[in-house]
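Single-structure report; data block below.
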Amino acid sequence: MSTAAARPLRRDAERNRRRILEAAAEAFAERGLGITMDDIAEHADVGVGTVYRRFPTKQALIEALFEERMAELVAMAEAAVQEADPWEALIGFLERAQELQAANRGLKDLVLGTSRGCEGVVCMRERLAPLAQTLVARAQAAGQLRADIEGSDLPLIQIMLGGVVDFTRDVNDDAWRRMLAIVIDGLRAREPHTELGAPALAPQEVDSAMAAWKPAPC
């Protein structure tokens, strides 16, 4: 086969790969990670054999989506650190990241449950942690954020609110916003503050906790 004849096939393959990823993202968002490759093929309107040619296993598909969702979260954080008001930048990032999870049933499992384990978690921390720390430091320097907050507190806040999202999703999908408002008031730099009952986790402790977390069976 000539090179010229092969090029359309490569373009078709890339289109199919893109269609499968988009369909999987939509299906995971609606139904979580428990769906099957057959479900994804149907959602993408391609044969299941096409899905397996692009992604030999469901885990390979999940990991490809992990990379895309990571890029989305990093882009949110990068945009936040460019905002003029440090407090609005921090709170806006927390809210936008939580909106992403609220709209996507599979996001938490996707981010925390990849079988890459520690490798995936470390990759996530290396990309997001410096941005989160910048958001925290800017808000503290502006006198807007209490001084005893650490960058490593942010992913735990997101996980905590994520539990509310999961618990209330089918009853009131905005209930987490009330809890976020309570959290925001607890973050403000004003006195008196309730003393924090434990030190912040070290980044390595956050890594370990996230790597050990087990999602619902797929």
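The values are calculated or read from the model by the stated rules, or taken from the named source; none is laboratory data. Please read these numbers as outputs of a predicted model, since none were measured by experiment. Cβ placement follows ideal geometry from the backbone for every residue including glycine, while neighbour counts extend to all protein chains displayed. Just the protein is used for accessible areas: all its heavy atoms, side chains included, with ligands, DNA and RNA removed. Shrake-Rupley method; radii C 1.70, N 1.55, O 1.52, S 1.80 Å.
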- Once amide H atoms are placed 1.01 Å from N in the peptide plane, what residues at a sequence separation of 5 or more from residue 145, or on another chain, have their amide H within under 5 Å of its amide H? 140, 189
- Sorted by mean Cβ packing within 10 Å, highest first, what order do the peptides 148-159, 164-175, 51-62 take? 148-159, 51-62, 164-175
- Note on the structure: In whole percent, the fraction of accessible protein surface over the stretch 144-218 that belongs to carbon or sulfur atoms, probe radius 1.4 Å, stands at 59
- Query: What FRET efficiency do you get for residue 177 and residue 202 if R0 is 22 Å and r is their Cβ-Cβ distance, rounded to the nearest 0.05?
  - Reply: 0.15
